[in-house]
Amino acid sequence: MHFSELIHQSVTNMFNLPPDLWWVEKIIRPIFVYMFLIIGLRVAGKRELAQLNPFDLVVLLTLSNTLQNAIIGNDNSVTGGFIGAAALLGINYSVVRLMYRNKRLQRLVEGRSDILVRHGELQMHNLKHELITPAELMSACHREGISSLHDVELATLEPTGTISFIQKKPTLESQRHREVVEMLKSVMQEVAALKAARPSPAAEG
């Protein structure tokens, strides 16, 4: 068999759907899997999307691997992959457009934001509802460069799984206190430097 014939046969095998697989099935399968994931992640809660610990990441990776065969079936052809991918993109485009036009549907699919911290105080009811521990929230707080939850004015778990932090704005009194403390530190450093530079009595004698 010539090289050109091998190339032709390889390309043909890549794009030929299995004879026992109806092409409509390649469209239906991704739609069912897509709807299952939307409902499953909605029920599981937003923390799965937030990936607050390694276990959440493992769940998402395992989900993708577990449902892979449900989407493609026994088909390894390029054509089958294209049809499945096009179906996924198509249904996602349709759902996004519907949610954009219908806010009620958007709240139904994505849910609402949950306040986790308000005025530096943990909202334990929402934390328990989303199964987020204070330690996980503190870790997310540190990733945003905030040292303490007491410095947080508002922390919100968004429908996308992102935790948004808004820091407290320093009051005029706290800002003045901080300035006074900084001035005292500067004066103490200058005094310490002067003492270090002053010759000792033994050296003068």
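Quick rundown of the values:
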quantity	calculated
The range 29-45, residues that are surrounded by fewer than 16 Cβ atoms within 10 Å (Cβ to Cβ), modelled with pLDDT under 85 and hydrophobic (A, V, I, L, M, F, W, C)	Val43, Ala44
Cβ-Cβ under 8 Å pairs, at least 6 apart or on other chains, the range 48-61 side free of Cβ contacts under 8 Å to residues at least 60 places away in the same chain, far side not in a helix (DSSP H, G or I)	Leu57/Gln51; Leu60/Gln51
Selection count where residues are assigned to a strand (DSSP E or B) and in contact (Cβ under 8 Å) with a residue 60 or more places away in the chain, scope the range 107-145	1
Hits in the range 61-73 - residues which are surrounded by 13 or more Cβ atoms within 10 Å (Cβ to Cβ) and at pLDDT 80 or above	Leu63, Leu67
Residue count, the range 43-72 (criterion: of a type in the set (A, V, I, L, M) and not in a helix (DSSP H, G or I))	2
Among residues of the range 74-100, those that are farther than 12 Å from Ile27 by Cβ and not aromatic (Phe, Trp, Tyr), counted	14
Condition met for Thr160 (without any contact (Cβ under 8 Å) to a residue 12 or more places away in the chain, closer than 24 Å to Gly45 by Cα and not small (Gly, Ala, Ser))	no
Subset of the range 74-92 (residues that are surrounded by 14 or more Cβ atoms within 10 Å (Cβ to Cβ) and not in a helix (DSSP H, G or I))	Asp75, Ser77
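Rundown of residues vs (1) surrounded by fewer than 15 Cβ atoms within 10 Å (Cβ to Cβ); (2) over 20 Å from the mean Cα position of the chain (by Cα); (3) under 16 Å from Glu48 (Cα atoms), yes/no style:
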position	(1), (2), (3)
His119	yes, yes, no
Glu130	no, no, yes
Pro134	yes, no, no
Arg143	yes, no, no
Ser147	yes, yes, no
Glu153	yes, yes, no
Ile163	no, no, yes
Val180	yes, yes, no
Ser186	yes, yes, no
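The values are calculated or read from the model by the stated rules, or taken from the named source; none is laboratory data. Small disclaimer: the values here were computed from a predicted structure and weren't measured. Counting neighbours? That spans all protein chains shown, and the Cβs are built from the backbone with ideal geometry, glycine included.
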